[in-house]
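A.B. asks: Below is a structure I'd like to ask you about.
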Amino acid sequence: MADDPLPRAEIDHALCVGVGECIRLAPHAFRYDKQRLGIFKGKGSGYSLQQLEDAEASCPMQAIKLVPPAAE
Amino acid sequence: MVDDILDTGDLDDLLSEEAINSPFTFYRRLRERNPVYWNKRWNGWIVTGYDEVTAGYRDAQRLSSDRFSGPFGAEVREAGENTRLLDFLSKLFVWKDPPYHTRMRSLVFKAFTPRSVEILRERARELVRDLAEPLRGKERVNFLTDFAFHLPVIVIAEYLGVPSDQRYEVRDWSDDLAAVIFVRGDDKQRMQRAEASLARAREFLTPVLADRRQNPRQDLISALLFAEEDGRRLTEEEVIANVILMVFAGHETTMNLMSNGIAAFDKFPDQWQLLRQDHGLLRSATEECLRFDGPIRGLGRWAKEDFELGGQQIKRMDRVFLIQHAANRDPAAFENPDALDITRWPNKHAAFGQGIHTCLGAPLARLEMQEALAYLTTQFERIEVVQDKLEYGPTMVSRSLKGLDVKFHEA
Ligand code: HEM
Ligand code: SF4
């Protein structure tokens, strides 16, 4: 179970306003891009599923969607 | 429509009949004059453009929320000779800047997890069903007092872990305390009432806290008591302050969201029909109600340094009033802004503010609105506001109906 791959996060930039809740909650999974919008930089480690879920649920603009890792 | 009658009022009078009851024409005139407008009477900047309002909310660096220093500080201190009251107010992180704000918000956030909010959905659904029963078959009900008031207070009380049958008590202290900061001027009596309320709130909460310390439960009070960051926990006083903050930040606002939403659907009955047919729109409908006529008109800040906003020179110590209610109707940001369109998406409204103070309770408010709309649209074929003129409370901050008489038509 421990190495179940983590989901990826997609950020809809039509919605994101760059408040940065995602970055605060999961600094190793999100960062700002040049326009100061949130982007997902996660490489699959350094953060937890809970952090991702918290970011998804806390984004004030509901801009984050978690997508299951592509089934190989 | 009320919104179209008056357009000649005084632009400096933020509490005029027009500003209070027909704000959208008023804000439009202000925005057209200048989206960042100097108001002589209020002695500060009134910001009504979308770009300027959102820029203001995001600039916590230069625009302070601190109510205890700067131009608001003197007022508050003068009014509150009582240091206990002041001391209490100064623990409310919504009126503080970093670093205190950051520390406090992240501790409270630990307790207020979005997941713990989602657990409330079932309960909210149940409550909506019960509360909607008395709306049936009546010629008129006051939706605000008979429905919209109860749902958020019960939900927040149960979530916090205080008995919901004491909700009037909870409402009373939150009202009195909110009046201190929301209403301006130095009304001694208001301060005295707030002090008395604070004392009652403490009396009420102290035994609850003591109990939760011994027997933690799945509630917010327990979570606040035990939340920890860098080895630091909230003090008892801080827990009490935050509990009170949740109640007053969360109850009137959510109540007004539901009431203003019903009033909006009454003006756009086709949107009610659309939502009846497609509950996939509940989420966007909720966002649209927040945009179209949200619970907060605007909030104050003050400048910590000189800077430019929307081409105007803001000076250090100037007061700045950010009106999201106006931003949300700015044609530069929203197509056809004066129409309620529940399919509108994306919808970057600013009803919850933006930046570091963005509403912490947004998931809870959304959940309640979604559940209320889901049930009311299935039960009632049509809603009809049966009141000639809608009247709103005379405050600069909240967009609150005094009452809302509605007839709910069953299918
Ligand atoms: C539709 C309902 C609501 C609206 C429109 C609303 C709006 C807002 C706004 C505009 C702010 C930003 C304040 C600022 O920038 O100075 C805010 C902050 C806050 N809200 Fe809400 N709110 C709502 C419901 C709730 C609920 C249900 C709760 C809690 C149960 C809540 C708790 C808070 C808290 C704790 C803050 C302070 C956050 C901070 O300063 O970091 N709100 N709210
Ligand atoms: S929390 Fe949401 S709005 Fe904020 S930066 Fe992240 S994605 Fe964007």
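The values are calculated or read from the model by the stated rules, or taken from the named source; none is laboratory data. Because the structure is predicted, anything quoted here is derived from the model rather than measured. Cβ atoms come from the backbone with ideal geometry, glycine included; neighbour counts cover every protein chain shown. For the accessible areas, the whole protein counts, side chains as well, though only heavy atoms, and no ligand, DNA or RNA atoms are used. Shrake-Rupley method; radii C 1.70, N 1.55, O 1.52, S 1.80 Å.
A.B. asks: Can you tell me which residue in the range B:105-140 is surrounded by the most Cβ atoms within 10 Å (Cβ to Cβ), limited to those that are away from chain A (no Cβ under 14 Å) and among the hydrophobic types (A, V, I, L, M, F, W, C)? It would help to see each step written out before you state the result.
C.D. replies: Initial filter on the range B:105-140 (away from chain A (no Cβ under 14 Å)): B:122-140.
Filter once more, keeping what is among the hydrophobic types (A, V, I, L, M, F, W, C): B:124, B:127-128, B:131-132, B:135.
Working: B:A124: 24, B:L127: 22, B:V128: 21, B:L131: 18, B:A132: 19, B:L135: 19.
The selected residue is B:A124.
A.B. asks: The conditions are (1) touching a Gly at 6+ places or on another chain (Cβ under 8 Å); (2) within 14 Å of another protein chain (Cβ to nearest Cβ); (3) modelled with pLDDT under 80; (4) open to solvent by 20 Å² or more (accessible area, probe 1.4 Å), and B:L86 fails exactly one of them. Which is it?
C.D. replies: Every condition holds for B:L86 apart from (2).
Quick grid of which residues meet (1) near ligand 1 (Cβ under 8 Å from one of its atoms); (2) of a type in the set (K, R):
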residue	(1), (2)
B:W302	no, no
B:R319	no, yes
B:I323	no, no
B:R329	no, yes
B:G353	yes, no
B:C359	yes, no
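Here's the yes/no breakdown for (1) without any contact (Cβ under 8 Å) to a residue 24 or more places away in the chain; (2) of a type in the set (S, T, Y); (3) farther than 15 Å from B:H349 by Cβ; (4) open to solvent by 50 Å² or more (accessible area, probe 1.4 Å):
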| residue | (1), (2), (3), (4) |
| --- | --- |
| B:L281 | no, no, yes, no |
| B:S284 | no, yes, no, no |
| B:I296 | no, no, no, no |
| B:F307 | no, no, yes, no |
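A.B. asks: Can you name the residue in the range A:1-33 that is away from every other protein chain (no Cβ under 14 Å) and at pLDDT below 90 and, of all such residues, is surrounded by the most Cβ atoms within 10 Å (Cβ to Cβ)?
C.D. replies: Looking at the filtered set, the residue picked out is A:P5.
A.B. asks: Tally up the residues in the range A:11-61 that are over 24 Å from B:T54 (Cβ atoms) and within 8 Å of ligand 2 (Cβ to nearest atom), please.
C.D. replies: Number of matching residues: 0.
A.B. asks: Cβ contacts < 6 Å: first residue more than 18 Å from B:A350 (Cα to Cα) and away from every other protein chain (no Cβ under 11 Å), restricted to the range A:57-68; second residue in a strand (DSSP E or B) and away from ligand 1 (no atom under 15 Å from the Cβ), any location; separation 6+ or different chain. Result?
C.D. replies: A:K65/A:E10; A:L66/A:A9; A:V67/A:R8; A:V67/A:E10
A.B. asks: I need the full set of residues from the range B:355-379 which are over 17 Å from B:F408 (Cα atoms), of a type in the set (A, V, I, L, M) and over 14 Å from the mean Cα position of the chain (by Cα), in order please.
C.D. replies: B:I356, B:L367, listed by residue number.
A.B. asks: I need the full set of residues from the range B:367-400 which are open to solvent by 10 Å² or more (accessible area, probe 1.4 Å) and in a strand (DSSP E or B), in order please.
C.D. replies: Within the range B:367-400, B:E381, B:R382, B:I383, B:E384, B:V385, B:Y392, B:S398 meet the criteria.
A.B. asks: Got a sec? Which strands (runs of 3 or more DSSP E) wholly within the range B:276-366 have at least 1 residues that are more than 16 Å from ligand 2 (Cβ to nearest atom), within 30 Å of B:L120 (Cα to Cα) and more than 14 Å from chain A (Cβ to nearest Cβ)?
C.D. replies: Numbers: elements: B:299-303, B:307-309, B:312-314, B:319-322.
Strands (runs of 3 or more DSSP E) meeting the threshold: B:299-303.
A.B. asks: Do we find that A:K65 is basic (K, R), open to solvent by 30 Å² or more (accessible area, probe 1.4 Å) and touching a strand residue (DSSP E or B) at 6+ places or on another chain (Cβ under 9 Å) in this structure?
C.D. replies: In short, yes.
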